[in-house]
Amino acid sequence: MTNVPVIVLAGSRDGARDPLAQLGGVAHKTLLPVAGIPMLSRVLRALQATPDLGQVYVSIETPEAITPLLGNARTLPTASGPSGSVALALERLGAPLLVTTADHPLLSPEWIEAFRADIPEGCDLAVGIATRETIERDVPGTQRTYIRLRDIQFSGCNLFWLGTSRAANVVALWQKLERDRKRPLRMASILGPGILLRAITRTLTRAALYRRIEKLTGAQIRLVTIDDGRAAVDVDKPTDLALVEQLFAKA
């Protein structure tokens, strides 16, 4: 599908007080130089170099901070948390919609194309992931947060495909879970105690997860693997910044 709009999530609750913004001496985390180039600029360049994408929008609470970097991109306001910003973008732009983040300076057109090419027919929402084996192969020694299912361990790659209007139901579920992320009993009431228990005991499979989300939302979701461990590396803390700069130096 051609001319698909893109939303880049760049919201920051802390603004200039964000530790990475302070480290770089910039007004917003997304302006942090990575190998001499602001993170947001690297993401926008990757998107502009990817075929078949449409208008790019940056979701940020202080659009004036990034005006010099935008080029042909436009801005959208943020909402409560990443899920709220995605919900707002989907409401305004409709589906299909590609979503990524501004703290992913390694993002490449090849990863985006591979991700889109592997999205199954009829999928309402797809999430780009890299397996633990792939990450440890390509970025040995890196510390990532892994989601452990019985049949796969993976980390997200900050790439999401909202293929149909039914994706809004999944985003609404995401919003509920985001609000209750520190309240396990509330999360259990949303997902079902069986699913939560299986997740905790690592007996939950991808197939069972897909079935439960489809039952709750009416939407088909899929995890889509990207065969490059670097795709799971974003910049959330100073050690991530040092790692990414090392990877750029080796390129």
Is the range 231-249 home to any residue that is basic (Lys, Arg) and either part of a helix (DSSP H, G or I) or surrounded by fewer than 16 Cβ atoms within 10 Å (Cβ to Cβ) (or both)?
yes
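Which one is least open to solvent (accessible area, probe 1.4 Å) among residues in the range 26-44 that are among the β-branched types (Val, Ile, Thr) and not in a helix (DSSP H, G or I)?
Per the criteria, the residue is Val34.
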Looking at the range 98-105, is at least one residue hydrophobic (A, V, I, L, M, F, W, C) and surrounded by fewer than 22 Cβ atoms within 10 Å (Cβ to Cβ)?
no
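Can you confirm whether Ala167 is touching a Leu at 6+ places or on another chain (Cβ under 9 Å) and of a type in the set (A, V, I, L, M)?
So Ala167 passes the test.
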Of all the residues that make up the range 117-144, how many are touching a Phe, Trp or Tyr at 6+ places or on another chain (Cβ under 8 Å) and open to solvent by less than 50 Å² (accessible area, probe 1.4 Å)?
9
Is it the case that the range 9-25 has a residue that's modelled with pLDDT of 95 or more and either open to solvent by less than 60 Å² (accessible area, probe 1.4 Å) or among the hydroxyl-bearing types (Ser, Thr, Tyr) (or both)?
yes
Give the residues of the range 188-230 that are aliphatic (A, V, I, L, M), assigned to a loop (DSSP other than H, G, I, E, B) and under 21 Å from Ala130 (Cα atoms), sorted by residue number.
Leu204, Ile226
Residue count, the range 107-128, condition of a type outside the set (Lys, Arg), in contact with a strand residue (DSSP E or B) (Cβ under 8 Å, 6 or more places away or on another chain) and more than 19 Å from Val244 (Cβ to Cβ), comes to 9
If the requirement is being in contact with a strand residue (DSSP E or B) (Cβ under 8 Å, 6 or more places away or on another chain), of a type in the set (A, V, I, L, M) and open to solvent by 30 Å² or more (accessible area, probe 1.4 Å), which of these qualifies: Ile226, Ile147, Ile200, Ile213?
Ile147
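The values are calculated or read from the model by the stated rules, or taken from the named source; none is laboratory data. Computed from a predicted model, the values in this text were never measured in an experiment. Reconstructed Cβ throughout: ideal geometry from the backbone, glycine too, with neighbour counts over all protein chains shown. Areas reflect the complete protein model, heavy atoms only, side chains present, ligands, DNA and RNA absent. Shrake-Rupley method; radii C 1.70, N 1.55, O 1.52, S 1.80 Å.
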